[in-house]
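Written below as structure tokens is the structure these notes are about.
The values are calculated or read from the model by the stated rules, or taken from the named source; none is laboratory data. Computed from a prediction, not measured in an experiment: that's the story for all the values here. We place every Cβ from the backbone using ideal geometry, glycine too, and count neighbours over all the protein chains shown.
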Amino acid sequence: MTSHARHSSAAFYPGSFDPMTNGHVDIVRRALRVFDRVIVAVARNSSKKPMFSMEERRDLVEAIFADEPRVEVAFFETLTVQAALSHGASVILRGLRGVSDFEYEFQLATMNKTLEPRIETLFLMTEKQNFYVSSKLVREVASLGGDVSELVPPLVHRALIERLGPPEDTTA
Ligand code: ADP
């Protein structure tokens, strides 16, 4: 057996993706340089009040990565570690912005390691231009008529305008 012989590697990237931002896209694209496949997994979480339905979020992610067959989109409602295993992934991928993300992510990763020691959580640090980008901020700013075109892919920007109407012209 050569040292190159191995199974295809997959990273399971869980989140709400309500909606997908440039921060998420960057994490997926960079993960594709390390893994053969990236599964973007939209969590079914009834406790959050979403802006986009699960299906809309999935459709947006699929459209954003239409040119990238190595990206799959899935839904999950089980434990993240179980969902990752069921997709053949041994790595959970998460993005980190500042220290504000760290505490919560550390808790999650520790819990997931306790639940399923075969799965590792891997973090990619955000690119500096996405440091302040979050789905929550995008939703809030867009809802108030602010322009978020720099923060999300063009397809998402269009979906936000369809949902909320065009951003207000602040230059007038
Ligand atoms: P959750 O509700 O689980 O936080 P999100 O959809 O907000 O789900 O985020 C999913 C993952 O993407 C998380 O690991 C989060 O830290 C990461 N992420 C979100 N925004 C960014 C960003 N701007 N840069 C890097 N990673 C990000």
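Structure values in brief
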{"read-out": "Filtered residue count, the stretch 99-114, keeping only those that are of a type in the set (D, E, K, R) and either in contact with a helix residue (DSSP H, G or I) (Cβ under 8 Å, 6 or more places away or on another chain) or not in a helix (DSSP H, G or I) (or both)", "value": "0"}
{"read-out": "The listed residue being of a type outside the set (Phe, Trp, Tyr) and closer than 27 Å to residue 155 by Cα, out of 99, 28, 81", "value": "28"}
{"read-out": "Of residues in the stretch 73-94 being within 10 Å of the ligand (Cβ to nearest atom) and in contact with a Phe, Trp or Tyr (Cβ under 7 Å, 6 or more places away or on another chain), the one farthest from residue 24 (Cα to Cα)", "value": "92"}
{"read-out": "Single residue of the stretch 131-172 satisfying the filter (away from the ligand (no atom under 15 Å from the Cβ) and of a type in the set (S, T, N, Q)) that is nearest to residue 94 (Cα to Cα)", "value": "149"}
{"read-out": "Residue match in the stretch 55-62 (condition: surrounded by fewer than 20 Cβ atoms within 10 Å (Cβ to Cβ) and within 15 Å of the ligand (Cβ to nearest atom))", "value": "yes"}
{"read-out": "Flag if residue 110 is of a type outside the set (Lys, Arg), without any contact (Cβ under 8 Å) to a residue 60 or more places away in the chain and away from the ligand (no atom under 12 Å from the Cβ)", "value": "yes"}
{"read-out": "Tally of residues being farther than 15 Å from residue 82 by Cβ, of a type in the set (S, T, N, Q) and free of Cβ contacts under 8 Å to residues at least 12 places away in the same chain across the stretch 113-137", "value": "0"}
{"read-out": "Selection status of residue 25, assigned to a strand (DSSP E or B) and either modelled with pLDDT under 95 or within 17 Å of residue 134 (Cα to Cα) (or both)", "value": "no"}
{"read-out": "Pick from the stretch 28-54, criterion in a strand (DSSP E or B) and not basic (Lys, Arg), ranking: nearest to the ligand (Cβ to nearest atom)", "value": "43"}
{"read-out": "Residue 94 outside any strand (DSSP E or B) and touching a residue at least 24 places away in the same chain (Cβ under 8 Å)", "value": "no"}
{"read-out": "Condition check for residue 156: touching a Ser or Thr at 6+ places or on another chain (Cβ under 8 Å) and surrounded by 14 or more Cβ atoms within 10 Å (Cβ to Cβ)", "value": "yes"}
